[in-house]
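The values are calculated or read from the model by the stated rules, or taken from the named source; none is laboratory data. These figures come from a predicted structure and were not determined experimentally. Ideal geometry is used to build each Cβ from the backbone, glycine not excepted, and the neighbour counts take in all protein chains shown.
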């Protein structure tokens, strides 16, 4: 599965960068956070390269700078549970369990 930069995460990152007047730049083979404008293709590339990542506590790391995501984790969990109950096939559920390392028996 490709490492896709979800639109809602992208909005959080872009909002933070614009509020702080910063951008992510690719310089000499590395990514840096510096003053400047947001460049969407570079953000997407940085996300694919895991320079922008979601941490275990739900915050977002951009070039080793942690920012609060502002995402409602309990609400997201309820949406996932509801989706699993109503729209997921048995194959989807088994694949997700395998991906998450959930014991099947």
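Hey, could you check the range 5-29 for residues that are farther than 19 Å from residue 68 by Cα and either touching a helix residue (DSSP H, G or I) at 6+ places or on another chain (Cβ under 8 Å) or at pLDDT 95 or above (or both) and say which is surrounded by the fewest Cβ atoms within 10 Å (Cβ to Cβ)?
Ranking the candidates gives 26 first.
Sub-6 Å Cβ pairs linking a first residue in the range 44-65 that is assigned by TED's automatic domain parsing to the domain that holds residue 18 and at positive phi to a second residue that is exposed (fewer than 15 other Cβ atoms within 10 Å of the Cβ) and assigned to a helix (DSSP H, G or I), at least 6 apart or interchain, are 58/73, ordered by first then second residue. Taking the criterion of being surrounded by fewer than 10 Cβ atoms within 10 Å (Cβ to Cβ) and either within 17 Å of the chain's Cα centre (by Cα) or in the same structural domain as residue 24 (by TED's automatic domain parsing) (or both), the residues of the range 74-98 that qualify are 74, 75.
Okay, residues lined up against (1) assigned to a loop (DSSP other than H, G, I, E, B); (2) more than 30 Å from residue 104 (Cα to Cα):
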| site | (1), (2) |
| --- | --- |
| 34 | no, yes |
| 38 | yes, yes |
| 42 | no, yes |
| 56 | yes, no |
| 69 | yes, yes |
| 80 | no, no |
| 91 | no, no |
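Scanning the range 5-22 for residues that are without any contact (Cβ under 8 Å) to a residue 24 or more places away in the chain and within 17 Å of the chain's Cα centre (by Cα), which turns out nearest to residue 50 (Cα to Cα)? Among residues in the range 5-22 that are without any contact (Cβ under 8 Å) to a residue 24 or more places away in the chain and within 17 Å of the chain's Cα centre (by Cα), the one nearest to residue 50 (Cα to Cα) is 6.
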